1. If the requirement is being surrounded by 15 or more Cβ atoms within 10 Å (Cβ to Cβ) and on the phi < 0 side of the Ramachandran plot, which of these qualifies: Thr294, Thr322?
2. Restricting region 472-481 to residues that are within 16 Å of ligand 1 (Cβ to nearest atom) and in a loop (DSSP other than H, G, I, E, B), which is nearest to Tyr625 (Cα to Cα)?
3. Please work out if Asp233 is touching a Ser or Thr at 6+ places or on another chain (Cβ under 7 Å), in contact (Cβ under 8 Å) with a residue 60 or more places away in the chain and among the acidic types (Asp, Glu).
4. Suppose we filter region 569-587 for residues that are buried (at least 21 other Cβ atoms within 10 Å of the Cβ) and either among the hydroxyl-bearing types (Ser, Thr, Tyr) or without any contact (Cβ under 8 Å) to a residue 60 or more places away in the chain (or both); how many remain?
5. Can you tell me which condition Asp394 does not meet? The list is (1) within 26 Å of Lys619 (Cβ to Cβ); (2) modelled with pLDDT of 95 or more, and all the others hold.
6. Restricting to region 542-577, what's the tally of residues that are assigned to a loop (DSSP other than H, G, I, E, B) and more than 14 Å from ligand 2 (Cβ to nearest atom)?
7. In region 33-64, what count of residues is obtained for those that are in a strand (DSSP E or B) and over 17 Å from Ile88 (Cβ atoms)?
8. What strands (runs of 3 or more DSSP E) completely inside region 170-229 contain at least 1 residues that are at pLDDT below 90 and surrounded by fewer than 20 Cβ atoms within 10 Å (Cβ to Cβ)?
Amino acid sequence: MKKTCSVMTCEYCDLDVYLNVKLFYESSGYRVFKDKISRDTNLLVVLRGDKEISDHEYTGVVHAYDYVREYKIDWRARFSKASRIFVISPTPPEYPDGVNYVKGYLPVIPELWQSPLKKKDSRPMHISHFKPMGEDQYQQELLKIIKSGLVRVYGKKWDRVDIKAKPLSYCQVNKMFAASSICYGLMYPYQRGKTLSGRMWQAPLQGCFVISEAGTNIAGCPGVIEVMSFSADNLSVIDHSIEKCQALALEAARYWKTATQILADELKLKISLKSVSNRRIFGPRRLLSAIRQTVEQLFRALQIRRMLKLTERRPLYLIVETVNTCNAHCVFCCYGKTKIKPQVLPMDIFEKVIREYSEMGGGAVSLTPVPGEVLLDPHLIKRYEILAKYKNIDQVSFTTNGIAFEKYSDEELKYILKSSFMIQVSIGGLDREGYKSLYQVDQFENVLNSVSRLLVLKKAIGSDAHIHLSFRTNNPNFEDIHREQLEAYKRQGCLISHISWYGNFGGIVKSGEVKDVSIINGSGLAKNETCVYPLLAPSVLPNGLITNCGCVDVNGDSLIIGDAHYNSLRDCWSSKERKNILDSFRQGNLVDLCRQCSMYRPSAHLAEPVYKNIRSYKKLPLEFYLLYGG
Ligand code: SF4
Ligand code: SF4
């Protein structure tokens, strides 16, 4: 008859831990039961350990895994008649008398968790329920980078700190690790340096690096990177290219196989993992979750296909950069760091591309230059008049630093307000000195006055234009500090956003070179799927060249798909040059700009909810502008 093993999961069952443990003991020849304490059991396995579990009649063997370090437990006092008690923990138990201490963690069976890597999400993530930790430094820093949008978060109870997050199933967690290359960990202070966290094994097995607090990787787990503080700078020190992620997955599998074998030896178990089929541990819940996930994946795939089809025929929007000079010198911007010749897009070329765009179906037009300041365009009003001639061009927007609004008359501003869908004003915070240090011009009061003027004029003419105040600072706490002022703007109908970390313009602005400002280093990002920017829109530069990335190709020398002087917009969109750009991601022959770029967004992004309501020949939803700017 088979020996029996009862696994007590106590107050809470960590399903991933239980699955590893179940397979571990089954492969050692035990029949495993969950949460059934019986005197006849040959082996009692206790996970987590709570305040209550004890049995003074039990005479078999106890394996107590103390991996949470929540309680100080005298195991011999709990199981006074047990023949032997093994306490397994990375650090020695508080009550060593009468127990055998085994330095180790939990069994981890890599085969159970590893799946083909699909690195789609370049943004790091944090998966955990919100932990009430008071003023803990790491948690405060993590909250800042989550609120700044740098880190995605999943789990329960995040509404306590005004963060929207949804919980994930165990299967989904595993998939998320397989799709991401970096995650942030956060342990309770009492656990740091005493035990490991679950993500330290699960994420690296899926090729995902873990950024963790200093002193927490006490077992030297591969892929766990300790840092003194959590910030955007952490990302620049990790090479998380697809090759590194793949190598990590292999190394982690080796590490955990060895660690699990050592654990089995210490516990005098003879494990044979081959003897247990994975199917035996996949219960109905796991099956249901897998089905749900497959359906979700199907919907995501369908949405991606729909978006690819939609943008194959025509761009989702058109960017026309009419001017490339600026009246600010933002420290995080590429302006002044390139050799771009100052230029204004000739009116005839402007009219030509607008006509061609209208012939392709029209839609949204953005007049935002990168870099440059649209209000310095001497023909801005005339451009609006041209745009107004094309009825199917129905969403005009731009981003401005707002400094030159003062040069426009009330009538001109009213006309712009009447004809725009969104005006995004980029503002360097809400205090003069902070503004000056970031934008390097003393225009704070001027800009704020112009915003007030804009709001008065908008009200006066009943314009529907969205005024989006987009704050740029180096303080992740900005929104908390200025909550009242921001709320006042919201009450006046403004949309508000804030960022405190910045793109690197394809490597023109270097991470670490700008004092006190976080610049993301893009060279370590896995970029094996086509980037969404060239999928969505072309950008006409002031010299008439058309680039496929209006977001980063500031010099217009890397992703050019034509010249508006000679080529039609339609031809550029279906050109061989554009096809090569789109293919370069999958083929791994990226131009240097894309290789260095930190703004990369993989095409999997097209499955996000923001694209759900995007239809051909329909206005773009507001959420789209909030994501991509004006
Ligand atoms: S970020 Fe905008 S406002 Fe600032 S320098 Fe660059 S182009 Fe000018
Ligand atoms: S990777 Fe960067 S430079 Fe290349 S297309 Fe995407 S956003 Fe533009």
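The values are calculated or read from the model by the stated rules, or taken from the named source; none is laboratory data. Because the structure is a prediction, the values reported are computed rather than measured. Reconstructed Cβ throughout: ideal geometry from the backbone, glycine too, with neighbour counts over all protein chains shown.
1. Details: Thr294 fails: surrounded by 15 or more Cβ atoms within 10 Å (Cβ to Cβ).
The unique qualifying residue is Thr322.
2. The first filter runs over region 472-481 and keeps only residues within 16 Å of ligand 1 (Cβ to nearest atom), leaving 472-474.
Filter again for in a loop (DSSP other than H, G, I, E, B), leaving 473-474.
Working: Thr473: 20, Asn474: 23 Å.
Applying the filter and picking the extreme gives Thr473.
3. Details: touching a Ser or Thr at 6+ places or on another chain (Cβ under 7 Å): yes; in contact (Cβ under 8 Å) with a residue 60 or more places away in the chain: yes; among the acidic types (Asp, Glu): yes.
The answer is yes for Asp233.
4. Within region 569-587, the subset buried (at least 21 other Cβ atoms within 10 Å of the Cβ) is 569, 572-573, 578, 581.
Now narrow it down to the ones that are either among the hydroxyl-bearing types (Ser, Thr, Tyr) or without any contact (Cβ under 8 Å) to a residue 60 or more places away in the chain (or both): 572, 578, 581.
Number of matching residues: 3.
5. Going through (1) within 26 Å of Lys619 (Cβ to Cβ); (2) modelled with pLDDT of 95 or more one by one, Asp394 breaks only (2).
6. Filtering region 542-577 down to residues assigned to a loop (DSSP other than H, G, I, E, B) leaves 542-544, 548-559, 564-568, 574-575.
Of the ones still in play, those that are also more than 14 Å from ligand 2 (Cβ to nearest atom) are 542-544, 564-568, 574-575.
Count: 10.
7. The initial filter retains those residues of region 33-64 that are in a strand (DSSP E or B), namely 33-34, 43-47, 61-64.
With over 17 Å from Ile88 (Cβ atoms) added as a condition, the list becomes 33-34.
So the answer is 2.
8. Working: elements: 182-184, 209-213, 224-227.
The qualifying strands (runs of 3 or more DSSP E) are 224-227.
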